[in-house]
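Chemist: Once you've had a glance at the structure underneath, I'll fire off some questions.
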Amino acid sequence: NNVVISNFTITGGATKVPAANDNPDGCGGGIYAANGFENIAVVDCIVSNNVANRAAAARYGNDSNHKMSFIRTWFSWNRAFNRDPLTRGCLLAHCLITKHPSQSALMYCGTLINCTFAGNRMRAAGENSAFKAYNCLFADSWYKQSSDGPYYANCAFSLPASDFTVSAS
């Protein structure tokens, strides 16, 4: 509890891939925080080139929002093998997300605040009502799913809605 990780590069992490869906051995290639821990902050870091079955960059164990936060962190070239998200159960504030190389989801059970996305090909958060984005800039090949879950407030997109909304199938 109450951990701050700052000014580090977290790179080259990998889990025991493949693993069963939510088995911790296959989650959080860069950072994995088990259930029960709180107030974990990653500040002014680089999280890059990590791989996992689920949540390539980071995952909080039971997907509870805001128990693990990333502030002013750069995420680049992280890859989840089963098309699962870049992060899961996390808060990202003032972060830069680049070169997420697959069409997997950005986040599951999480919140984005003032984040910038460039050079990615990803979708929102599936049919997950726990996903929210505020004041974010999506300057890449972004697309939203047409489910009732994802919420975007004051976000800017590089394409009109008709060009990036796809079905949830």
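Derivation of every value follows stated rules applied to the coordinates shown; laboratory data play no part. None of these values were measured; they are calculated from a predicted model. Positions of Cβ are backbone-derived with ideal geometry, glycine not excepted, and every protein chain shown enters the neighbour counts.
Chemist: Give me the one-decimal nm value for the distance between modelled label points at Arg72 and Asn2, 7 Å along each residue's Cα-to-Cβ direction.
Modeler: With each label point 7 Å from Cα toward Cβ, the separation is 2.3 nm.
Chemist: Simple spin-label model, 7 Å along Cα-to-Cβ: Ala93 to Asn135 in nm?
Modeler: 1.0
Chemist: Explain nothing, just the number: relative contact order of region 24-89, from Cα pairs under 8 Å at least 6 residues apart, as a whole percent. Let's see the in-between values first.
Modeler: Details: 165 pairs, mean separation 26.4, N = 66.
With pairs under 8 Å counted, the relative contact order is 40 percent.
Chemist: Would you mind computing, in nm to one decimal, how far apart the modelled labels at Ala153 and Phe37 are, each placed 7 Å from Cα along Cα→Cβ?
Modeler: 2.9
Chemist: Next question, about the same structure. Using the Karplus curve 6.51 cos²θ - 1.76 cosθ + 1.60 with θ = phi - 60°, what ³J(HN,Hα) values do you get for each residue of region 27-32, in whole Hz, with x for Gly and Pro?
Modeler: Each residue's phi maps through the Karplus curve to give 10, x, x, x, 9, 10 Hz.
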